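One structure below.
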């Protein structure tokens, strides 16, 4: 939990206690025989639940607008219903009348704040769903995910190439192979676990820069393949070069020593106009034929 939220969480019981002491100082305690236990249980229970929900929100979400409005609104609701519960315990005389605005104002304000948080949360979920749909591609078999990067594996890629070719034989379909040329150096210098983190970061970066209809797969080791339906060779070359530029511009830092890890990417492109495995073999041959340590992205029509 973030420090500001931890401070707020510790402060809320103090406010609730101060509110109870205020009612005690300004009002008169009713005899317990006059207490409406059902109302006390309902209003007090609502206050406890609202406080617990606020605790869950602050403990399970990162800081930001959504967390602020959801947790803040629930805390205000909690204080409003707590004041309403105290009103069932103390006599409504002239001294306590000024405190009536607490239960009348706080709860509606809290509900408005929660509503604001829910609207922001909905926007957040729409954005996350759009991002995740690039991973799912609607017809994804969840058993065919690469364990390290959580994108599709090579078996799934081969079938999807064949499906795209059969779905619309006349439409252009392109493949872009992105090769992390510096990966072996990263693995030797920083270890396997750090190299896996690099693969995960690169996969995420590639996903962020793909179109909704594109499919990203981890083909083998340090190579990713992007299937781009309805895309010409020229367009795939342009987008592939942009992907390499975005990967190389990443600011990836190792966990140990906070050292920036440079990533060199190169790529090859092809039109998917022949058998899937032959296409991928040819693309692999292109990148394997590049001996320069940090070449410019390679544009290749196979």
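Since every read-out is calculated from the coordinates, none of them should be taken as a lab result. Being a predicted model, the structure only gives us computed values, none of them experimental. Cβ placement follows ideal geometry from the backbone for every residue including glycine, while neighbour counts extend to all protein chains displayed.
Before moving on, here are some points about what is shown:
- The distance linking the stretch 139-204 with the stretch 229-256 is 13 Å (Cα centroid to Cα centroid, whole angstrom).
- Selected from 35, 121, 82 as most flexible by GNM, with the chain as the system and alpha-carbon contacts under 10 Å: 35
- Derived value for the stretch 194-240: Kirkwood hydrodynamic radius 11.5 Å. Basis is the mean of 1/r over every pair of different alpha-carbon atoms.
- The chain: relative contact order as a whole-number percent, Cα under 8 Å and 6+ apart: 15
- Cα long-axis angle, helix 65-87 against the chain (0 to 90 degrees, to the nearest 10): 20
- Between the Cα long axis of helix 37-60 and the first principal axis of the chain there is an angle of about 30°, rounded to the nearest 10.
- Degrees, to the nearest 10: 100-136 long Cα axis against longest axis of the chain: 10
- Inverse of mean 1/r across different Cα pairs in the chain, Kirkwood, Å: 23.6
- Take 204-214, 49-59 and order them by the average number of nearby Cβ atoms within 10 Å per residue, most first; the result is 49-59, 204-214.
- Sorted from greatest to least, the principal axis extents spanned by the alpha carbons of the stretch 142-288 come out as 53, 32, 28 Å.
- For the chain, adding -39500 (n - 2.57) for each run of n ≥ 4 DSSP H residues and dividing by the number of residues yields -20000 deg cm²/dmol at 222 nm.
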